[in-house]
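A quick write-up on the structure given underneath.
The values are calculated or read from the model by the stated rules, or taken from the named source; none is laboratory data. The model shown is predicted, which means the values in this text are computed figures rather than measured ones. Methodologically, a virtual Cβ is constructed for each residue, glycine included, from the backbone with ideal geometry; neighbour enumeration extends over all protein chains shown. In case anyone asks, the SASA skips ligands and DNA or RNA and just uses the protein heavy atoms, side chains included. Shrake-Rupley method; radii C 1.70, N 1.55, O 1.52, S 1.80 Å.
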Amino acid sequence: MSWRRHVTLAVTIVLLAVPPAQAQDDGVAAMASMAFARNCFSPFMTAARAEEVLASTGARVDFYDLDPLSNGPTSPVVGRPATPGTDRRCEVAFDGDYAPLATSAATTGLDMEGITTEAPVPENYTPTEGTALLAARQLNPSRVAVVHVGTRPGPNGLETFMLVERLTPEASSQ
């Protein structure tokens with residue numbers, strides 16, 4: 001038997017051993033994490049784009065941008081209330097515990113956008129029981145972004161969440 005046939009057979013056995021719901025969750029987690037990394041740190045993200053590239057992965061999405069840094073349209077708050085001192089949120093959540101995958105994707109997204117200068121995490125951001133990553137990065141001299149990744153109770157049990165919120169210039173200077 002050729003090595004390719006062995007690999008194909010092994011992959012088939014593994015896929016058959018994974019329950020269909022778990023395989024679906026794995027796919028959503030991978031696609032949503034990648035979409036978050038590629039899009040949520042971009043100043044060109046809009047609500048329409050969030051629907052197109054984030055919600056299409058099967059993830060739950062919460063996005064607003066009250067003061068676009070690009071010439072894009074304002075995207076109002078439609079999910080949870082805006083966090084005080086922020087003017088933008090980009091968040092995805094999906095069923096299951098995928099915190100290591102989500103953390104890796106978030107840090108990769110920061111690196112891809114060149115957002116590497118650390119900043120102090122504001123006092124109103126505190127780790128929760130499932131926090132895997134809580135960090136702040138300087139976007140420019142007057143703006144800070146806070147990234148929070150972890151797990152929490154969701155509508156279908158435990159969910160993984162990935163969010164980035166941009167602080168207003170006033171909140172960034174505190």
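Below, the figures for the structure above:
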quantity: Any hit, the stretch 97-119, residues being farther than 30 Å from residue 26 by Cα and either in contact with a helix residue (DSSP H, G or I) (Cβ under 6 Å, 6 or more places away or on another chain) or not aliphatic (A, V, I, L, M) (or both); calculated: yes
quantity: Among (1) more than 15 Å from the chain's Cα centre (by Cα); (2) assigned to a strand (DSSP E or B), the one test that residue 122 misses; calculated: (2)
quantity: Matching residues in the stretch 80-119 - criterion: being open to solvent by 40 Å² or more (accessible area, probe 1.4 Å), farther than 22 Å from residue 65 by Cα, of a type in the set (Ser, Thr, Tyr) and not in a loop (DSSP other than H, G, I, E, B); calculated: 104, 108
quantity: Among the residues listed as 62, 26, the single one being of a type outside the set (A, V, I, L, M), modelled with pLDDT of 95 or more and surrounded by fewer than 20 Cβ atoms within 10 Å (Cβ to Cβ); calculated: 62
quantity: Options 159, 165; residue that is of a type in the set (Asp, Glu), touching a residue at least 12 places away in the same chain (Cβ under 8 Å) and farther than 15 Å from residue 101 by Cα; calculated: 165
quantity: The stretch 64-121: number of residues that are basic (Lys, Arg) and more than 17 Å from residue 41 (Cα to Cα); calculated: 1
quantity: Of residues in the stretch 54-76 being of a type in the set (Gly, Ala, Ser) and assigned to a loop (DSSP other than H, G, I, E, B), the one nearest to residue 158 (Cα to Cα); calculated: 59
